[in-house]
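Here, each number is a calculation from the coordinates, and none is a lab measurement. As the structure is a prediction and not an experimental result, all values here were calculated from the model. Heads up, the Cβs are rebuilt from the backbone with ideal geometry, glycines too, and the neighbour counts pull from every protein chain shown.
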Amino acid sequence: MKKIFGFVIVVFFIFIAYPVWSQTTSPTDVPEPTVTKPEPTEDLDDEVDKLKEKVAEKVSELSKNEDRVTSGVVSKVADSSLTLGKNEIEISIDDTLTTYYEVQGSAIREIKQDDIAKNDYIFVIGPEINGVITANAVYKDQKYMVISGKITKVNQSDFSIEIVSLDKTAYTLDIQTQTTQRMLNIKSLAIEAIGFSKLKEGDAIHVVVKNDPEKPEATRFDAERLLIVPNEYFIQ
Amino acid sequence: MTKETVIAIVLGIILGAGIGAYVLFRTGNGEETKVIPVANDDEGKKVVKTVVPIDQQLLEITSPKDKIVSTKNTIKITGKAQKNSLIVVQSPVDTEVFKTDAETFSTNFPLSRGENVISISVYSDSSTPQEVILTIYFVET
């Protein structure tokens, strides 16, 4: 929107002609200066009309295109574009208009274009015009996965568990000291803190893990937070 | 063809017809079922299907839409699910569990800055949930 307003203001200043004023002199032999007002020509009127039409069309086109969010792992970095993911989605970037940020925990800080590199996970906000996604803002972020499934094995020796997700993928999760472990109380439906010893085979599990863009096929993760729904809930 | 052979054939036909009629009428009184996916197809992942009663209300998220940008630090999630289902909503920042009294549900869920992957799982009549995953972006403009 700001681009359009600036463009319209520039157009008005170019095409509006200001009258020239001069002071009248006392009667002397000095010839009087003449005041001239340029008469608008028909050609100029036509050009102004055409330009107004183009501006209106562009404003209408832009207002129809809501901002889209596109996310993915950066596979290619160029001066005026970024390419994301296996599908090679191309994002158009602008030196002056595109802003760059990094999400760090609960804060977002501004960064530069050079701080975006290959294998970074980003999401881009901007409109899609004529099939091209234009980045108004680029955010570098951490990708998370949320997995639901059942515990199939508990390994006491190395504090890990094996699970099978709803789409039948097998994962191994390492339970670290910083892992937030919670269990559903089947009577009160309250969520209670638990330790590793409460994890058992057959229970339903919902777990959050950090995804590493450089290892897309990985199946072993550190568990960030997990919730157990005991099997007893379903047989009561 | 001997008399014994004819009798055997006739008895065989009668027995077969009787079994067929029994199976037909028994099946007619059985529960109708439908096949539903339990995990949504996100970026080409496998979708596992399961069989549930035909009149079961499927999990449906009415709002928000997937991949929207929010300027607030909470989002209202509304949807439909089987009555008396257990609903688990989980993301990297929070976990909520509640039971639905009706076929619709609603909850205000916190967001962290940046991308929020939110899983909504519903346990209705079995220990295999239906699941929908939403991705919501929280950025302050």
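What is the local net charge at B:Ser63, summed over the other residues whose Cβ is closer than 15 Å to its Cβ (Lys, Arg +1; Asp, Glu -1)?
Working: positive: B:Lys65, B:Lys67, B:Lys72, B:Lys76, B:Lys80; negative: B:Glu60, B:Asp66.
Charge balance near B:Ser63 sits at +3.
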Å³ per residue enclosed by the Cα convex hull of the stretch A:189-236: 104 Å³
Leading residue at positive end of dipole, the stretch A:113-236 (Cβ point charges), from A:Leu227, A:Thr169, A:Ile125: A:Leu227
Under the Karplus curve 6.51 cos²θ - 1.76 cosθ + 1.60, θ = phi - 60°, whole-Hz ³J(HN,Hα) for the stretch A:105-117, x wherever Gly or Pro sits: x, 9, 10, 10, 10, 7, 10, 10, 4, 5, 7, 8, 10
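Sorting A:Arg68, A:Arg109, A:Arg182, A:Arg225 on the 10 Å Cβ count, fewest up front, what's the list? Please list the in-between numbers first.
On the way: A:Arg68 14, A:Arg109 10, A:Arg182 17, A:Arg225 21.
Fewest-to-most ranking of A:Arg68, A:Arg109, A:Arg182, A:Arg225: A:Arg109, A:Arg68, A:Arg182, A:Arg225.
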Environment charge at A:Val124 (Cβ cut-off 13 Å; Lys +1, Arg +1, Asp -1, Glu -1): -4
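Between beta-carbons, use under 14 Å as the cut-off and find the net charge around A:Lys153, counting Lys and Arg +1, Asp and Glu -1.
Details: positive: A:Lys150, A:Lys200, A:Arg220; negative: A:Asp158, A:Glu162, A:Asp174, A:Glu201, A:Asp203.
Neighbourhood net charge equals -2.
Could you list A:Glu53, A:Glu201 in order of exposure, starting from the residue whose Cβ has the fewest other Cβ atoms within 10 Å? All intermediate terms of the calculation are to be shown ahead of the outcome.
On the way: A:Glu53 10, A:Glu201 13.
Ranked by crowding around the Cβ, least crowded first: A:Glu53, A:Glu201.
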Convex hull volume per residue in cubic angstrom - Cα atoms of the stretch A:144-235: 96 Å³
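State the Kirkwood hydrodynamic radius of the stretch A:68-140 in Å, one decimal place, computed from all pairs of distinct Cα atoms.
Values: mean 1/r = 0.0828 Å⁻¹.
Hydrodynamic radius (Kirkwood, Cα pairs) of the stretch A:68-140 is 12.1 Å.
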Per-residue average of Cβ from other chains inside 10 Å of A:102-115: 2
Interatomic Cα distance distribution for the stretch A:81-206, bins of 10 angstrom, percent: 10, 29, 20, 21, 16, 3
